[in-house]
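The values are calculated or read from the model by the stated rules, or taken from the named source; none is laboratory data. Since we're looking at a predicted model, the values are computed, not measured. Glycine also receives a Cβ, built like all others from the backbone with ideal geometry; neighbour counts cover every protein chain displayed.
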Amino acid sequence: MKKLLLLHGALGSKAQLEPLAEMLKNDFEVFTLNFTGHGGAPFAEGFDIGQFTAEVLAFLDKNGCENVDIFGYSMGGYVALNLARLHPQRVGKIITLATKFDWTPEGAERETKMLDPDKIEAKVPAFAAQLRERHAPNDWKLLLRKTADMMLELGQRPLLTSAVLSKITNPCLICLGDGDQMVSLDETTLAADALPNGQLLVLEQTPHPFEKVNIPAFTAITASFLAVE
């Protein structure tokens with residue numbers, strides 16, 4: 001049975017991917033993990049794409065996965081491609097969904113303005129409560145601040161430029177919802193085109209949040225892409 005690793009996005013956790021994992025488990029040996037600081041996982045000293053990539057590599061070693069297909073949602077897709085950049089022999093096929101590729105100082109500044117924990121607590125208390133519960137016993141406000149710092153760093157030094165993507169030869173399916181307000185079709189198309197074996201897929205009636213994705217339909221897409229030799 002083929003091995004498949006599911007990677008969550010920023011501020012997310014592996015629990016969010018359980019509906020997808022459950023539907024895929026009959027066809028794949030499915031793995032999930034929490035990145036440092038997410039879903040109750042302790043904070044490591046580092047908190048950036050490099051740290052998350054190292055955590056995935058360590059997870060693969062621990063679980064005896066010499067080669068694994070990866071689905072990455074949002075930031076998880078960025079990590080998956082970065083792993084393929086550094087350790088191509090450990091990665092088979094890659095599927096990303098709602099992954100942001102166009103990182104600039106100005107764009108990162110805009111993104112981080114939405115990560116002010118005090119404003120979230122005041123204006124969107126239900127979301128604050130959700131984050132508090134999802135990441136307990138960690139301090140969800142610290143997680144937001146670390147995520148904002150990571151985004152600012154990506155804005156200054158993006159890892160996955162078109163030139164870098166052009167050297168990743170793994171088969172990749174780069175997906176975007178047509179209702180995504182956080183990731184543009186242009187940046188997603190450019191990324192898919194830069195990848196030597198990249199394909200672009202736009203999901204209809206799909207916004208950015210993973211909870212809004214049609215899981216049965218996306219399960220079929222995932223299984224179909226990964227099944228092709």
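A few points about this structure:
- Wholly enclosed helices (runs of 4 or more DSSP H) of the stretch 116-203 bearing at least 1 residues touching a strand residue (DSSP E or B) at 6+ places or on another chain (Cβ under 8 Å): 162-165, 185-194
- Taken over the stretch 124-157, the criterion of being closer than 15 Å to residue 113 by Cβ and without any contact (Cβ under 8 Å) to a residue 12 or more places away in the chain is satisfied by 124 alone.
- Count - residues of the stretch 3-15 that are surrounded by fewer than 16 Cβ atoms within 10 Å (Cβ to Cβ) and in contact with a Phe, Trp or Tyr (Cβ under 7 Å, 6 or more places away or on another chain): 0
- Looking across the stretch 158-200, the residues that are under 27 Å from residue 115 (Cβ atoms) and polar (S, T, N, Q) come down to 161, 162, 181, 184, 188, 189.
- Of all the residues in the stretch 186-214, those that are free of Cβ contacts under 8 Å to residues at least 12 places away in the same chain, closer than 26 Å to residue 18 by Cα and hydroxyl-bearing (Ser, Thr, Tyr) number 0.
- If you go through the stretch 1-15 and pick out every residue that is hydrophobic (A, V, I, L, M, F, W, C), within 21 Å of residue 91 (Cα to Cα) and part of a loop (DSSP other than H, G, I, E, B), you end up with 1.
- Which listed residue is surrounded by fewer than 17 Cβ atoms within 10 Å (Cβ to Cβ), within 18 Å of the chain's Cα centre (by Cα) and at negative phi, from 115, 86, 81: 86
- Taken over the stretch 204-229, the criterion of being closer than 14 Å to residue 94 by Cα, in a helix (DSSP H, G or I) and either small (Gly, Ala, Ser) or at pLDDT below 95 (or both) is satisfied by 223, 224, 227.
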